[in-house]
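Some notes on the structure that comes next.
Read-outs: derived from the displayed coordinates by stated rules, not from any lab. Please read all numbers here as calculations on a predicted model, not as lab measurements. A quick note on method: Cβ atoms are made from the backbone with ideal geometry, for glycine too, and the neighbour counts reach across all protein chains shown.
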Amino acid sequence: MVARYLSHPQVQIDATVPVPQWGLSDIGKDRVKSLCEAGWLSATTQIVSSSECKAVETAEPIAEALDIAVEIRAAMHENDRSATGFLSPDIFEQVADRFFAEPEQSVRGWERAIDAQRRIVREVETVLNRKQPGDVLFVGHGGVGTLLLCHLAGYPIDRTHDQPAGGGNFFSFEQSPQRLLHPWQPMEQAP
């Protein structure tokens, strides 16, 4: 049985709205629609999503296409960046670089990378320890997804393992024992 972690695709950026409430952009919605039509998730029996709007908007159409329910797990949220709120893209990238480079430090008040990693690993392990049949799809975010990937592969936390720009990428791993099968790849390149 395989587990997959899918990051939400492109979002509608709005500096006046808290980041966890951002929804998908039209491009992001179109990519999710294409994914639903591709059929490669047909063995999926569980979909587990972050509670952030963009993740739920990614998970729900997939669940509908597969005729299964979405389980929402609030602790699967992206790394907590509420201390800074919206940052312009160039500043965000600089702070994100530091977030990964200094995993034991809180960068500008952000949740520490090591704490975010422990949280996402705990959430994934809780779901997998139920040992339900079928494949599992986790739907979430690039930052914590990268931290999970680093854990599964035994890599130190490092942004070199981050997803390609734009989101809408996934990686797969064996459920038991947990072992990374492949790194991030665009959801359009799935088998």
I need Leu24, Leu87, Leu147, Leu152 ordered by Cβ neighbour count within 10 Å, fewest first. Leu87, Leu152, Leu24, Leu147
Enter the Cα centre distance for the pair segment 25-45 and segment 135-191, rounded to the nearest angstrom. 17
Rounded to whole Hz, the Karplus (6.51, -1.76, 1.60) HN-Hα couplings of segment 181-190, x for glycine and proline: 9, 7, x, 3, 8, x, 4, 6, 9, 5
Nearest-20 debye value, segment 2-189 charge dipole, Cβ charges on Lys, Arg, Asp, Glu: 420
Once the dipole of segment 121-170 is set up from charges on Cβ (+1 Lys and Arg, -1 Asp and Glu), the residue from the list Asn129, Gly167, Gly142 lying farthest towards its positive end is Asn129
